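Quick notes on the structure that follows.
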Amino acid sequence: MKLKYSLCSTPFAGSTLYVPAGRKPCPGILLLHGSEGGRMGWNHAMAEYFAAHGFVALALSWCGEEGCPKDIIDVPLELAVSALSWLKQQARVSGQKIGLYGSSRGAEQALLISTEAPCREQGPIADVLALHAPTDVIVEGFSWNGNDRHSPREKQPRAWTWNGCANDFEAGKTIMIERFSGAVFISHGERDLIWSAERSKSLVRRRISSGLTTEVLFLPDQGHWFGHQAENLRRQKVLDFFHLQLRSNAC
């Protein structure tokens, strides 16, 4: 069976560009994985899905990969902004719209580079966002080895930096999703025991009160990650959202 896409190298460690077959211009999508890291493959599987349906998809590894931060502590947001800029410059994407897709900590990162002033002023912003299990506040740093467990008197490590500074990214700070004027898709399982679905609902309420285009998928019987059938439904909803908002029928 002939693949509907090809794999291309990138200047980003552990990352792959998935390009649809053909030569016509296509919209691009940058994908940001969660705390599982780039090696788990979920990010690449989603990128393959998008590429097979007419999008140039960049599965970016930003932690847990050789050449990337090991933990979600002092992760430079410049990497994702640089990846967006690089994706926009690719021949098949040039002049097309760009979508940004993130899951969990990747959704948090997508929100930050789309709403925080330092990132917005110095890098390209995606046209639309699709977020799975996001948060409405900045979350502290995280390590699978438990290195983030400080005593109550110590400050928790911060997850994100810009130009080496974490002052704008204190844990607990509200993420101002209403600053992003493009369309947003949000999905969340209401049985999520890691990040409550109330985090997503808070984002949705503020988007709606600001009159901004927002699509949602809340499933009452799903957790942080969806089961097989629910995941198929979610993927189709995300794909439909990107097709509608990025108009990929050119591919």
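For region 156-222, trypsin sites (Lys or Arg not before Pro) are listed when DSSP marks them as loop and at most 14 other Cβ atoms sit within 10 Å of their Cβ; the list is LYS173, ARG191. Measuring nothing but how far apart in sequence close Cα pairs (under 8 Å, 6+ apart) lie, relative to its length, the chain scores a relative contact order of 18 percent.
Under conditions of 10 °C and 1.306 mPa s, the chain yields 87 µm² s⁻¹ as its translational diffusion coefficient, taking Rh as the Kirkwood radius over Cα pairs in the Stokes-Einstein equation. Once you mark the GluC sites (Glu not before Pro) that are in a DSSP loop and have at most 11 other Cβ atoms within 10 Å, what is the longest gap between them in the chain? My reading of the result: 155-251 is the longest stretch.
Using all pairs of distinct alpha-carbon atoms, the Kirkwood hydrodynamic radius of region 40-183 works out to 16.0 angstrom. Over the residues of the chain, the helix contribution to mean residue ellipticity at 222 nm works out to -8500 deg cm²/dmol, using -39500 (n - 2.57) for each DSSP H run of at least 4. In this Cβ point-charge picture (+1 for Lys and Arg, -1 for Asp and Glu), the chain has a dipole of about 780 debye about its Cα centre.
None of the figures in this text is laboratory data; all of them are computed from the coordinates on show. Keep in mind that this is a model prediction, so the values were computed, not measured. No Cβ is skipped: glycine too gets one built from the backbone with ideal geometry, and neighbour counts run over all protein chains shown.
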